[in-house]
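Just so it is clear, none of the values below were taken in a lab; they were calculated from the coordinates. The shown structure was predicted, so the numbers you read here are calculated from the model rather than taken from an experiment. Backbone-built Cβ (ideal geometry, glycine too); neighbour counts: all protein chains shown.
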Amino acid sequence: MEAGALIIFFACGVIMVGAGVLVSNLLAPKSKNDQKEEAYECGIPTQGPSMIQFKVGYYLFAILFLIFDVETVFIFPWAVVMKKIGMAAFIEILIFLFILGVGLIYAWKKKALKWE
């Protein structure tokens, strides 16, 4: 029974999204011009090629931010159940924070946090 409900739920989602896209394409006003095909740059014409390669430091900085952002997502549920689980939860979170701290020190030593 659960598999059937899941399939129906998935099918309803696909149908609703497809219907929304179809109705939008049929009813939305359309106009074609060269200006609409340009990349949006705050109203300022682009200078040079639009497809440039960014330094890997930007991506590394973003990934480090995501790692430590996800850390907080794991700490909140832990804080809620810490009294119920007891000392085992406390030791587990210390291990978790230690591993994250080692990762932060590694990134710091590799100068991944320098914005140049």
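Exposure proxy check: S31, S24 ranked by fewest other beta carbons within 10 Å?
Fewest to most other Cβ atoms nearby, the residues stand as S31, S24.
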Dipole of the chain, Cα-centred, from +1 at each Lys and Arg C-beta and -1 at each Asp and Glu C-beta, to the nearest 20 debye? 320
Cα gyration tensor of the chain, axes a ≥ b ≥ c as square roots of the eigenvalues: rounded (a/c below 1.5), prolate (a/b > b/c) or oblate? oblate
The chain: angle of helix 87-109 to the longest principal axis, Cα-based, in degrees nearest 10: 60
Rounded to the nearest 500, what is the chain's calculated 222 nm mean residue ellipticity when only DSSP H runs of at least 4 contribute -39500 (n - 2.57) each, over all residues? -25000 deg cm²/dmol
Between helix 56-85 and the chain: long-axis angle, C-alpha atoms, 0 to 90°, nearest 10: 50
